[in-house]
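Notes follow once the structure below has been shown.
Readers should treat all values here as calculations from the given coordinates under stated rules, not as data from a laboratory. Worth saying up front: this structure is predicted, and the values here are computed from it rather than measured. Note that we place each Cβ from the backbone using ideal geometry, even for glycine, and neighbour counts take in every protein chain shown.
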Amino acid sequence: MTRLSARILLPGLCLLLLSTILQANDYVPPRGDWARVDPATAGFDPDRLADAVQLARDKAVVEPRELSESILDAFSEEPDFRILGPTGTREASAGLIIRGGKIAAEWGDLERVEMTFSVVKSYLSTVAALAWSDGHFGDVQEPVGKTVRGDLFTSEHNRQITWHHLLNQTSDWSGTLWDVPDWADRPEGDDRDAWPNRQLHTPGTYWKYNDVRINLLAYSLLEVLREPLPVVLRERIMNPIGASPTWRWYGYENSWVELDGRRLQSVSGGGHFGGGMFINTYDHARFGLLFLRGGRWGDEQLVPPGWLELARQPTPQRPDYGYLWWLNTDRERIPAAPESAYWAAGFGGNYIYIDETNDLLVVLRWVPALEEVITAITEALDS
């Protein structure tokens, strides 16, 4: 081969190699199947990865088995607290560690459908992305009351609330939804008499984790989409990514509404009062892989790319929180992980962890020790 021909061929070979690598990193599993990869081939130290899996299993919390008991143990001190939606049981922990889209480690019953608590908030954020991209509201800074009927956004305070405020939990919406007042969810302070007359914060100035307001977001999306949110999610996201037909998304016994002549249930955005999403570990992983791939599944862009940027913008009042996703801003939450890592999180140790820098996806069920387990997995990667 002459020097001239080598100069011509080598750049072409490099481009071909790069294309092959990119294609490999674009792998998404077909429906009903998922490729496995040896840990060493996936770039892990096999022994250290095995230790990380064992750590996750050791840190699992699966008692009490009845999740209604866990909910009551955690929240029964809230005023007039009651469970309004279905709950269920939990078994042993389960998990998946995925690199390059392929399963490098797994444990537990990955097909068992279980309650997932606030992980569903990130699914709700995705439904909001679809409503936004379809033009059902003009801009995230648009007041919600502009498109949502009724009296939920008519007070002087509430009419200032935008979609942006609901999505990053800075709305401080005041009112009652599904017979639960906003102040009854994780009330602040010890003066119970002061709770109903709390000081209101200007929307966008104060962050508060609150399932009543998340349920308000779910109802508002039902109003603008005019279809049950589980149907929208199934048709636009879950079916295209090959999810199983076993997942369910519930509301409460009293969250039924009349809409266009149909009786529809407004779903809940968490399991605080029961309800929410019941799903298996594989389906969580497909959803996580969709985001690891930038909202694309194969050749189809399912989540608008602009939304991923919006959803991962830190909230000034809570920099580790975006649009219902948790963030690793300044590597504060998980110092061993990249700052760009983010995750969905639910009560009891349910997580979908996404690390684009390392092409890494981790799903944990009933493992509360996120930082410790993710640190062990990250440190198992070959440097």
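For the chain, what is the mean residue ellipticity at 222 nm derived from helices alone (per DSSP H run of n ≥ 4: -39500 (n - 2.57); sum divided by total residues; nearest 500 deg cm²/dmol)?
Mean residue ellipticity, 222 nm, calculated: -9000 deg cm²/dmol.
Rank by packing, highest mean first: peptides 77-90, 220-233, with packing defined as the count of other Cβ atoms within 10 Å averaged across residues.
220-233, 77-90
How would you order 178-186, 346-354, 366-374 from highest to lowest mean count of nearby Cβ atoms within 10 Å?
346-354, 366-374, 178-186
Can you compute the modelled spin-label distance between Arg262 and Glu227, with each label point 7 Å from Cα toward Cβ, in nm?
Output for this residue pair reads 0.9 nm.
Assuming 0.36 nm per residue, please report the length gained on full extension of the stretch Thr246 to Lys102 beyond their Cα-Cα distance.
Extra length available between Thr246 and Lys102 comes to 49.6 nm.
Roughly what would the spin-label model give for His157 and Glu69, points 7 Å off Cα along C-beta, in nm?
Going from the His157 label point to the Glu69 one covers 3.9 nm.
What is the distance in Å between the Cα centroid of the stretch 354-383 and that of the stretch 320-347?
About 12 Å separates the Cα centre of the stretch 354-383 from the one of the stretch 320-347.
So what is the diffusion coefficient of the chain in µm² per second by Stokes-Einstein at 4 °C and 1.567 mPa s, using a Kirkwood Rh over Cα pairs?
59
Mean Kyte-Doolittle hydropathy of 0.0 or higher plus an axial Cα length of 24 Å or more: which whole DSSP H helices in the chain meet both?
Membrane-span-like by this rule: 3-25.
Given N residues in the stretch 215-357, what is its alpha carbon radius of gyration divided by 2.2 N^0.38 Å?
Relative to the rule-of-thumb radius for its length, the stretch 215-357 sits at 1.11.
Where in the stretch 264-296 does the label zone of Arg31 land, with the point 7 angstrom along Cα→C-beta and an amide N cut-off under 20 Å?
279-291, 296
Which of the peptides 63-74, 334-345 is most tightly packed, and how do the rest follow, going by the mean number of other Cβ atoms within 10 Å of each residue?
Order by mean packing, descending: 334-345, 63-74.
Label Asn254 and Arg48 with points 7 Å out from Cα along Cα→Cβ: what is the distance between them in nm?
Here the answer is 5.3 nm between the modelled labels.
Can you give me the Cα centroid spacing of the stretch 104-143 and the stretch 44-88 in angstrom?
20
Expressed in whole Å with the largest first, what are the equivalent ellipsoid semi-axes of the stretch 13-154 derived from the C-alpha gyration tensor as the square root of 5 times each eigenvalue?
37, 30, 12
Setting aside same-chain residues fewer than 8 positions from Lys146, which lysines have a Cα under 26 Å from its Cα?
Lys121, Lys208
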